[in-house]
Amino acid sequence: MGDLKLTGVTKDFGIARVIHPTDLQIRDGEFTVFVGPSGCGKSTMLRMIAGLEDISAGTLEIDGRVVNDLAPAKRGIAMVFQSYALYPHLNVYENIAFPLRVDRRSEAEVRQKVGAAAEVLKLTERLQHKPGELSGGQRQRVAIGRAIVREPSVFLFDEPLSNLDAALRGEMRVELSRLHGKLANTMIYVTHDQIEAMTMADRIVVLNAGRVEQVGSPLELFHRPANRFVAGFIGNPNMNFLPSRVITTTAEGITLQIENGPEFTIPVEGKPAPGDPLTLGIRPDDLRPDPAGLQCRVDVVERLGNSSVLYCVAEGERQICMVTDGATQAVPDEMIGISFDPAAAHVFTEDGRALPRRHVPVDLARLPSTRKV
Ligand SMILES: Nc1ncnc2c1ncn2[C@@H]1O[C@H](COP(=O)(O)OP(=O)(O)OP(=O)(O)O)[C@@H](O)[C@H]1O
C-alpha cells in the first residue's frame, strides 16, 4: 500500500514560511508530480514526506498512520535524487544490492532481487561495470534499481532527469512511465519541467510560493486551469494573456474588447459589470491567421519543421505567440491579423481567478486513465 495524506502540513525555516498549510491526498498507485518554478517548495515537500526534513506543523499519514516522527528508513519510502549518489568503487550489481547488504539479506535474495531490478531497467548486461563506465541515463537507472530492491510502498523522485540531455530525458520519461505501469507503486516526482509533469503524471500538483495552486490530471489543468498562474505554467509555448474590458454579459457569455483590438464573445460563466478589466487567455496553438483579426507585426519566426512559432507584437508593444503550420510564408516585420475560436479562450478576473468555461474540447470525465494498471 502507499496512501498518503497531508493535513495542514507546514514548513518554516526560522521565520520564513516556505510551505503554507497544505492538505493533499495521494492515492495508492498514483503517479503524482509536484511541479512549479524554482524555489516554490517542491523539494521541501518531498523531503518532509521522506523524513529528511521536519514538519513544522500538521500531520503526514502513510497508510493511515501518522509518520511525522518516524525515521526515514522506517517509512517504506525510497528516494531517487538528481545526483545519482552511486558508489564509484562498486560495480552496478553491488550499487543496486547496497540497501539489501545493509539489511543483511541472504545472498540468494540479493541475487534474485538485483537480477529482477536489472531486468526491468535493462541493466543486465552492465552489472559488472563501474558507474564511471556508464552513461548518465544508465547511472540514473542504477539509482532507480537501488530504490526498487527495497520494495518501497512509495517512490520519491527529486528532479531525477535534470542532469541528462534532452534526448535521454525523453527516453527516460517513457521508461519511468513504463516502470510505473509494471510496479504500480505510488510515485511522487518533483520537477520544474511542465513537459515531464504533463507526460508522466496521473495527477499534477502545481505549487507556487509554498502554496498549492491546483491539483488535477494533466488535461484538467490544461483545459480548466483554476487561475492565471496555472494557465501560464502548463502548456508550451506559454498561454498569451491580453488585457481586455467587459462590454456586456449575454446569454452566450461575456463580450469583451481586447485592448486596442477587436471584440469577442467568450462562452464563460460570470457576471462582471461593463467596463470591468479582465484578462483574455489564449494558447498559441489556438490562434490562427485572419486578416480581419487583431493586427500585429511578426517579430521572430521559429521553424520547427511540422510547425512554426511566430512571435508577434501587437499595438501597445504586447507580445503574442502563435503556433502555425510548418510551411508558413510569414517573415519578420510583416503585418498579420490573428484571430481565434472564442470557445478556445480563457478569461481571468483581475485577481487571477479563471471564469468557468462552458466548452472544453475533450470530455475530461470520460477520458481513460493513461495508466495500464
Ligand atoms: N535549509 C533551508 N534553510 C532555509 N531556507 C531553505 C532551506 N531549504 C530551502 N529553503 C528555502 O525554501 C524555499 C523552497 O525551497 P525548495 O528547495 O523546496 O524549492 P524547489 O521548488 O524545490 O526549488 P528548485 O526547483 O530550485 O529546487 C526556497 O525559498 C529556499 O530558499
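Of everything in the range 225-268, what is among the aliphatic types (A, V, I, L, M), touching a residue at least 12 places away in the same chain (Cβ under 8 Å) and over 13 Å from A345 (Cα atoms)? Give them in sequence order.
Correct list: A226, V230, I234, V246, I247.
Name the residue that is nearest to F157 (Cα to Cα), counting only residues in the range 24-81 that are exposed (fewer than 14 other Cβ atoms within 10 Å of the Cβ), in contact (Cβ under 8 Å) with a residue 60 or more places away in the chain and away from the ligand (no atom under 13 Å from the Cβ).
R27
Considering only residues of the range 182-196 that are of a type in the set (A, V, I, L, M) and at pLDDT 90 or above, which is nearest to the ligand (Cβ to nearest atom)?
Among them, the one singled out is V190.
Return yes or no: is V120 under 27 Å from the mean Cα position of the chain (by Cα) and away from the ligand (no atom under 16 Å from the Cβ)?
For V120, the condition - under 27 Å from the mean Cα position of the chain (by Cα) and away from the ligand (no atom under 16 Å from the Cβ) - is met.
Based on what the data block shows, is V18 buried (at least 21 other Cβ atoms within 10 Å of the Cβ), in the same structural domain as L156 (by TED's automatic domain parsing) and within 16 Å of the ligand (Cβ to nearest atom)?
no
Report those strands (runs of 3 or more DSSP E) wholly inside the range 1-68 carrying at least 1 residues which are touching a helix residue (DSSP H, G or I) at 6+ places or on another chain (Cβ under 6 Å) and of a type outside the set (S, T, Y).
Filter on the range 1-68 gives 4-13, 16-26, 31-35.
Would you check which residues across the range 100-133 are at pLDDT 90 or above and over 30 Å from K74 (Cβ atoms) and list them?
T124, E125, R126, Q128, H129, K130, G132, E133
Among the residues of the range 146-179, which ones are on the phi > 0 side of the Ramachandran plot, free of Cβ contacts under 8 Å to residues at least 60 places away in the same chain and under 18 Å from the mean Cα position of the chain (by Cα)?
Selection gives nothing.
The values are calculated or read from the model by the stated rules, or taken from the named source; none is laboratory data. Source: prediction; values computed, not measured. Because the Cβ atoms are built from the backbone with ideal geometry, glycine has one as well, and the counts that use them run over all protein chains shown.
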